[in-house]
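Have a look at the structure below, then the notes.
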Amino acid sequence: MAEKLSNNFYVARSPVFELLVLLVQISEFKTVEKETYQKQETKRLYDWFKELQQDLSTDLLEEINMFFHPDSFFGLSLIEMIYLHNQHHDIEKCLAFLKTVDAKQIVSSFFNTGHNLFNNESIFSNSAKVHKYIQNTTLPNNEKSKLFYLYFDAENTQEKLISVLQQGYDLIYRSNSKQLETSHVEAIEKIKSLSVQQLNQIIRFDENTPFEKLPNTIIIIPSYYHHSKTVFSYDTDCDLVISITGINLIEELMNEKDTEEKIIEFARALSDSKRINIIQELNKQPRYGYELAQRLNLSSPTISHHMSILFRLGLVTTTKFENKIYYEVNKDKLKQSIAEMIDLLT
């Protein structure tokens with residue numbers, strides 16, 4: 001059970017979600033990213049992921065990329081279903097549960113990847129309508145083709161997914177499970193010490209948003225492997241946000257970084273043209289994720305990735321309106337960061 005923190009916020013731990021994040025990180029890993037890693041713990045993780053790329057079989061790496069590729073994150077779309085069925089506490093029990101789920105229900109979850117909303121399951125039996133839906137998503141073409149293939153081979157897809165999760169657990173996660181449990185428990189205690197304002201910073205809801213306009217339930221789940229990132233899943237029917245939050249991000253909130261380090265991160269964040277384009281588009285008007293992805297011709301997972309970075313720096317906030325969560329630029333924070341950079345350099 002999630003433990004209530006204050007107002008709409010709750011905290012829980014989930015080895016199942018940590019496993020999903022681990023597989024995402026393995027799929028995302030690129031050796032060229034090493035220069036962005038500075039801290040000793042991050043360097044250790046980098047070296048470990050590099051070893052995994054060499055030690056894991058090519059077949060397993062291909063299967064991991066099938067479900068956890070950074071352009072689609074199909075596997076992460078299972079978060080809501082797993083949580084709502086209370087299967088997030090134990091990996092082995094969750095794997096047993098996934099074997100009992102209708103294969104089509106698992107595949108239909110993939111249609112909600114990123115900010116794409118699949119709210120008309122009646123079309124699922126009509127391949128022509130499914131094809132049209134997939135074509136209208138913000139997924140890259142190779143991931144659209146993959147999703148259509150997974151849709152047509154649902155039973156085999158279910159078996160492959162469970163096999164990937166089982167191998168990920170047996171070969172990678174299990175040996176570190178005790179250490180991860182300790183990290184999760186310690187992180188939960190740190191989350192409990194955060195103020196409401198700091199909790200808001202994790203999801204980056206506007207500080208002036210009244211509690212009645214926040215999602216009814218916001219569950220924060222700490223993740224060791226997600227490091228300094230955060231990703232959230234929003235269930236419109238339940239008005240539920242599940243935020244998988246990197247432990248480093250939690251620690252950063254507790255111990256505010258010095259100005260120079262924050263400015264360096266700010267400069268890195270704005271060195272990417274996609275993030276510049278996101279800020280420019282949001283300056284025109286607030287937009288929800290799918291709409292933003294369409295406007296910028298980017299995949300929804302790509303939007304999620306860049307939003308995670310902008311969230312961490314406080315440059316973007318979120319506001320709930322009706323059944324959607326809208327992003328908008330935190331102009332005061334943007335101006336403050338620019339002013340701090342000018343002061344540092346002049």
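Could you list the residues of region 296-322 with an amide nitrogen less than 18 Å from a label point located 7 Å from the Cα of SER273 in the Cα-to-C-beta direction? Only 296-299, 302-303, 306 pass the distance filter. Once backbone amide H atoms are built at 1.01 Å from N, THR138 has SER300 as its partners under 5 Å, excluding neighbours fewer than 5 places away on the same chain.
Summing Lys and Arg as +1 and Asp and Glu as -1 over all other residues whose Cβ lies under 11 Å from the Cβ of VAL21 gives a net charge of -1.
Note on ASN216 and GLU41: the model spin-label points, each 7 Å out from Cα along the C-beta direction, lie 3.6 nm apart. Taking a Cβ cut-off of under 13 Å around LEU296, the surrounding Lys, Arg, Asp and Glu residues balance to a net charge of +2, with basic ones at +1 and acidic ones at -1. Using only helices, what value at 222 nm comes out for the chain when you add -39,500 (n - 2.57) per DSSP H run of length 4 or more and divide by the total residues, to the nearest 500 deg cm²/dmol? My calculation for the chain gives -17000 deg cm²/dmol from helical runs alone. Couplings for region 65-78, taken from phi via the Karplus curve 6.51 cos²θ - 1.76 cosθ + 1.60 with θ = phi - 60°, read 5, 4, 9, 10, 4, x, 8, 9, 6, 3, x, 5, 5, 7 Hz in order; Gly and Pro are left as x. Measuring with a 1.4 angstrom probe and ignoring ligands and nucleic acids, THR346 comes out at about 130 Å² accessible. Once Rg and Dmax of the Cα atoms in Å is calculated for the structure shown, the corresponding label among (1) 20.9, 81; (2) 20.7, 63; (3) 19.6, 63 turns out to be (3). Taking all protein chains together and rolling a 1.4 Å probe, ARG268 ends up with roughly 100 Å² accessible. Projecting label points 7 angstrom from Cα along Cα→Cβ for GLN336 and ILE123 puts them 4.3 nm apart. Taking Cα atoms only, the orientation of helix 273-284 departs from the longest principal axis of the chain by about 70 degrees. For the pair ASP239 and HIS131, the difference between a 0.36 nm per residue extended length and the Cα-Cα distance amounts to 36.0 nm.
Extension gain, GLU51 to GLU260: 0.36 nm times the residue separation minus the Cα-Cα distance gives 72.0 nm.
Of the residues SER233, SER125, SER308, the one that moves most in a GNM of the chain with alpha-carbon contacts below 10 Å is SER125.
Karplus-derived 3J(HN,Hα) values for region 141-153, using 6.51 cos²θ - 1.76 cosθ + 1.60 with θ = phi - 60°, are 4, 5, 6, 4, 4, 4, 5, 5, 5, 5, 4, 6, 10 Hz; glycine and proline are entered as x. Checking the Cα-Cα distances for LYS30/LYS178; LYS192/LYS229; LYS229/LYS331; LYS274/LYS331 against a 23 Å cut-off, the pairs over it are LYS30/LYS178.
The values are calculated or read from the model by the stated rules, or taken from the named source; none is laboratory data. Model, not experiment: these values are computed from the prediction. FYI the Cβ positions are ideal-geometry reconstructions off the backbone, even for glycines, and counts take in every protein chain you see. In case anyone asks, the SASA skips ligands and DNA or RNA and just uses the protein heavy atoms, side chains included. Shrake-Rupley method; radii C 1.70, N 1.55, O 1.52, S 1.80 Å.
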